[in-house]
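Shown next, in structure tokens, is the structure this report addresses.
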Amino acid sequence: MRWRDIPFRKEHKDASVSVWPCTEIGQSMPNIVNVPPVPTAASAPAPGAFPAVHSHTDPRPEMKPYVDGTKLEALDRLLRAMRGRAASGLSPWSVGSALADWAFHLSVAPGRQAALASDAARGALKLASYAAKAAAAGAPAPIAPAKDADQRFAASEWSGFPYNVMEQGFRLAEGWWEDAIFGARGTTPPHARQVWSLTRQMLDMMSPTNVPWMNPEIVQRTMNERGENLARGFSYWLDDLDRMLNERPPAGTEAFRVGENVAVTPGRVVYRNDLMEVIQYEPQTPRVLAEPILIVPAWIMKYYILDLSQRNSLVRYLVEHGHTVFMISWKNPTAADRDVAIDNYRRDGVMAALDTISAIMPARRVHACGYCLGGTILSIAAATMARDGDDRLASVSLLAAQTDFTEAGDLMLFIDESQVKLMEDMMWERGYLEASQMSGAFQALRSNDLVWSRIIKTYVLGERDSPNDLMAWNADQTRMPYLMHAQYLRGLFLENRLSSGRYAVDGRVIHLGDIRAPVFAVGTTKDHIAPWRSVYKITLFVDTPVTFVLTSGGHNAGIVSEPGHPHRHFQIMERIPGQSYLDPDSWASVAPAQEGSWWEEWHAWLVAHGSVELADPPAMGAPERGLAPREAAPGTYVYQR
């Protein structure tokens, strides 16, 4: 027996809360640690059996009444939820404490203040000199080059006077504020990053590109079209407003219809419970590889990002190359699902799907693949299976999925106790996290690209982008259950329990190092949701061969990277247990680079980690075991709004 198999537990004076030795001193985590035990799925279901639908047991302690015996806490939570919505979901304390930390340390540093004043004066003189040269010569060498791939000033008109002076002035101000914030000695790094994020949002809003009479593209377009671009942009704004008020999808996305021209790979629903459907796709080859693939998508968005149009469908690519593919399609939760816990997604999602596959294809091991949050829950399931002696996984593939959240990118900026409590109260009121809140958070991470540039292009220049299938999928949003998302924010983001050995399933702690199946992990270079350096950390936590791929693109476009897609490239290298660890940047400096799609490398890797022999395609479902084929793919849950 291993130490973590011993069910030590100290009972709190409140019997509804269990305090585990592995928790932080003075903290308890009933939402994550004290999950109700359920039967383990250590083997395939017996003939005639199929995965059961588990009840959604709420592991939270009961709300404690106030002294007068009434549950007045509900009133406080409602008021906090209302304040949260008024503040766009940001905790005033989180924002205020970060600003106060920075302002205090700057206010007691007169030397730093003097240095900043000197820098501002020097910058003003440099800008004046630059302006004089620009007025005389037109385009002198920049005094404040762009630090990143900022496309706001890419148009040639910005290189001429006086617009180049405006651009350089903006970049000087941007650099000055960054230095002022990060140079305040004594400010905690998280608070400095929070203040910089808020400041960057304000700077993005005040960029000269957003001021019509300061933007040469707008001035020239308006003169050339005699204002027709403004009229056209106003009509676009009215149309978008009408769509928002009437909850209609963005303009142009109606051309992409689920089941008609997206999510059209042939298949059937072979299992359904109250949380998900399992879709089995029809084989496209006379013989198939022995091991099937189970894909676990994120439930933040709908599964068909991996089955878009025929040209860029990962599912179609796999079945055309001899794989038998099963896909989980998650339910879009409502207020009735408020008490669905994160462990329900493991046992009623991943484990129920594995049981379904085992019933249809007995004695076959499974290549499991998880995308984004689906990869995180797959990692939890794989570690639990390894702990319990369930060896049904032939391999584990993690696509833009994190197992450690200490460097989880800009999403971590405002994740603290106050923010999590506020989010819990906002979700508690309605029973779920609104899709608009999640998409708004993602847009705020790249406001200059996803907010202001779009506003100027659409409503001022009068240009509307033609949507593609990926944009249409992105507009097909889902909600997040209250309890699950509260547990996710607290247990994984805030307390990072999974990689630190403090995450328990069925009353016992799991360890990622127990996973023995080989791992294929993919990170993307421009991912602001799951930064590739964070995804790379899986190499620290598993004692099994890990093949890591770093591909061009972002969180979505980097994964939807079909062969033949232009300008795609990637790096790939395997780490064998026992080899010296390479930090992410060292890895990137030595990993071989290749042009093209990483899909082909993944297919070859799956073949290499499976059986050599081919097999006859499996039957669709298993009617004799209660798994008769149901609706045609894409099923029913994908249509839920």
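The values are calculated or read from the model by the stated rules, or taken from the named source; none is laboratory data. Model, not experiment: these values are computed from the prediction. Note: ideal-geometry Cβ built from the backbone for every residue, glycine included; neighbour counts use all protein chains shown. We work out accessible area using only protein heavy atoms, side chains counted, and drop any ligands, DNA or RNA first. Shrake-Rupley method; radii C 1.70, N 1.55, O 1.52, S 1.80 Å.
Does the range 457-474 contain at least one residue that is of a type in the set (D, E) and not in a helix (DSSP H, G or I)? Within the range 457-474, one or more residues are of a type in the set (D, E) and not in a helix (DSSP H, G or I). Against the conditions (1) of a type outside the set (D, E, K, R); (2) farther than 13 Å from Y536 by Cα; (3) modelled with pLDDT of 85 or more, L413 satisfies every one except (3). Count of the range 243-282 residues, restricted to those that are in a strand (DSSP E or B) and open to solvent by 40 Å² or more (accessible area, probe 1.4 Å), is 2. Taking the criterion of being within 18 Å of the chain's Cα centre (by Cα) and open to solvent by less than 10 Å² (accessible area, probe 1.4 Å), would at least one residue in the range 502-518 satisfy it? No - not one qualifying residue is present in the range 502-518.
With respect to (1) assigned to a loop (DSSP other than H, G, I, E, B); (2) open to solvent by 30 Å² or more (accessible area, probe 1.4 Å); (3) touching a residue at least 60 places away in the same chain (Cβ under 8 Å), the lone exception for D543 is condition (3).
S313 falls short on exactly one of the conditions (1) more than 30 Å from E463 (Cα to Cα); (2) open to solvent by less than 70 Å² (accessible area, probe 1.4 Å); (3) polar (S, T, N, Q), and that condition is (1). Between G233, G322, the distinction of being within 21 Å of A363 (Cα to Cα), open to solvent by less than 10 Å² (accessible area, probe 1.4 Å), in contact (Cβ under 8 Å) with a residue 40 or more places away in the chain and of a type in the set (G, A, S) belongs to G322 only.
When the criteria are applied in full, A588 meets the requirement of being more than 27 Å from Y345 (Cα to Cα) and modelled with pLDDT of 95 or more. Taking (1) modelled with pLDDT of 80 or more; (2) within 29 Å of the chain's Cα centre (by Cα); (3) over 18 Å from L198 (Cα atoms); (4) not in a loop (DSSP other than H, G, I, E, B) in turn, G96 satisfies each apart from (3). Among the residues that make up the range 606-614, is at least one of them closer than 30 Å to H528 by Cα, under 24 Å from the mean Cα position of the chain (by Cα) and open to solvent by less than 40 Å² (accessible area, probe 1.4 Å)? Looking for residues that are closer than 30 Å to H528 by Cα, under 24 Å from the mean Cα position of the chain (by Cα) and open to solvent by less than 40 Å² (accessible area, probe 1.4 Å), one finds none in the range 606-614, hence no.
Just to check your reading of the model, which residue among R287, R268, R311 is modelled with pLDDT under 95 and of a type in the set (K, R)?
None of the other options fit; the residue is R311.
Taking residues in the range 271-282 that are farther than 17 Å from Y639 by Cβ, and partners anywhere that are crowded, with 20+ Cβ neighbours inside 10 Å and among the aromatic types (F, W, Y), the pairs with Cβ atoms closer than 6 Å and at least 6 places apart or on different chains are Q280/F326. Suppose we keep only residues that are part of a helix (DSSP H, G or I) and open to solvent by less than 40 Å² (accessible area, probe 1.4 Å) within the range 184-204. Which one would you say is farthest from Q113 (Cα to Cα)? By that ranking, first place goes to D204. If only residues of the range 431-461 that are modelled with pLDDT of 85 or more and among the basic types (K, R) are counted, the one that is most open to solvent (accessible area, probe 1.4 Å) is R454.
Scanning the range 467-497 for residues that are in contact with a helix residue (DSSP H, G or I) (Cβ under 6 Å, 6 or more places away or on another chain) and among the aliphatic types (A, V, I, L, M) yields a count of 6. Scanning the range 144-183 for residues that are open to solvent by 40 Å² or more (accessible area, probe 1.4 Å), among the aliphatic types (A, V, I, L, M) and outside any helix (DSSP H, G or I) yields a total of 3. Those residues that are open to solvent by 50 Å² or more (accessible area, probe 1.4 Å) and either over 18 Å from E174 (Cβ atoms) or touching a helix residue (DSSP H, G or I) at 6+ places or on another chain (Cβ under 6 Å) (or both), I need them from the range 104-117; list them, please. Of everything in the range 104-117, those that are open to solvent by 50 Å² or more (accessible area, probe 1.4 Å) and either over 18 Å from E174 (Cβ atoms) or touching a helix residue (DSSP H, G or I) at 6+ places or on another chain (Cβ under 6 Å) (or both) turn out to be F104, S107, V108, P110, G111, R112, Q113, A114. Scan the range 101-114 for residues that are more than 18 Å from Q194 (Cβ to Cβ), in contact (Cβ under 8 Å) with a residue 60 or more places away in the chain and either in a helix (DSSP H, G or I) or hydroxyl-bearing (S, T, Y) (or both) and the total you get is 1. Would you confirm, using the coordinates I've provided, whether R502 is assigned to a loop (DSSP other than H, G, I, E, B) and in contact with a Cys (Cβ under 7 Å, 6 or more places away or on another chain)? Yes; evaluated as a whole, the condition is true for this residue.
One line per residue, one yes/no per condition, for (1) in contact with an Asp or Glu (Cβ under 6 Å, 6 or more places away or on another chain); (2) open to solvent by less than 70 Å² (accessible area, probe 1.4 Å); (3) hydrophobic (A, V, I, L, M, F, W, C); (4) part of a helix (DSSP H, G or I):
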position	(1), (2), (3), (4)
L79	no, no, yes, yes
R122	no, no, no, yes
S129	no, yes, no, yes
A135	no, yes, yes, yes
P142	no, no, no, no
